[in-house]
1. Accessible area per residue of the chain at 1.4 Å probe, in Å²?
2. Distance from the Cα centre of the range 6-39 to that of the range 49-97, in angstrom?
3. Summarise the accessible area of the range 8-99 (1.4 Å probe, protein heavy atoms) by the percent that is carbon and sulfur.
4. Within the set of other residues whose C-beta is less than 13 Å from the C-beta of residue 45, count the net charge using Lys and Arg as +1 and Asp and Glu as -1.
5. Pick out which of 42, 52, 15 has the largest mean-square fluctuation in a Gaussian network model of the chain, springs linking Cα atoms closer than 10 Å.
6. Per the helix-only calculation at 222 nm, which mean residue ellipticity applies to the chain, given -39500 (n - 2.57) for every DSSP H run of n ≥ 4 and division by its residues, nearest 500 deg cm²/dmol?
7. For the chain, set up a Gaussian network in which alpha carbons nearer than 10 Å are linked by springs, and say which option among 48, 76, 19 fluctuates the most.
8. Near residue 96, within a Cβ-to-Cβ distance under 15 Å, what is the net charge of the other residues, with Lys and Arg +1 and Asp and Glu -1?
Amino acid sequence: MQLILSITIAVLAILMVVSEIYKVFVESKPEMKDERGIMIQLKVKNVSYYILIGGIILGVILVKNLEFLAAQHYISFIMIVFFVQSIASAIVLNRLKRI
């Protein structure tokens, strides 16, 4: 179980780095500085915050109320939520940019 968790975190960390590089590359383009670009960035941040808040609340529910997740694994769960949030925001940015 520990090996699977370590591999999952490593893969998510690599994907997170790639997605952050993509977001920096896209957000530095001149067309992202106009009104449409700013609206796209705001929508991406909105989705990111919803993912973070939802993940943190889900983690608290899994640890405290349902006792499904051990308390010592909560930090790993939150780290995975942050990785997923970063990857999802890059995907949303890509989708919104194409429209």
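The values are calculated or read from the model by the stated rules, or taken from the named source; none is laboratory data. Remember, predicted model here, so these are calculated numbers, not experimental data. Virtual Cβ from ideal backbone geometry, glycine too; neighbours counted across all protein chains shown. Just so you know, the surface numbers come from the protein's heavy atoms only, side chains and all, with ligands and any DNA or RNA stripped out. Shrake-Rupley method; radii C 1.70, N 1.55, O 1.52, S 1.80 Å.
1. Working: 6910 Å² over 99 residues.
Ligands and nucleic acids excluded, the figure is 70 Å² per residue.
2. Here the two parts' Cα centres lie 18 Å apart.
3. 72
4. Overall, the nearby charge balance is +1.
5. Residue with maximal mean-square fluctuation among 42, 52, 15: 42.
6. Working: 3 runs with 77 residues, N = 99.
Value at 222 nm, helices only, nearest 500: -27500 deg cm²/dmol.
7. 76
8. Once all neighbours under 15 Å are counted, the net charge is +4.
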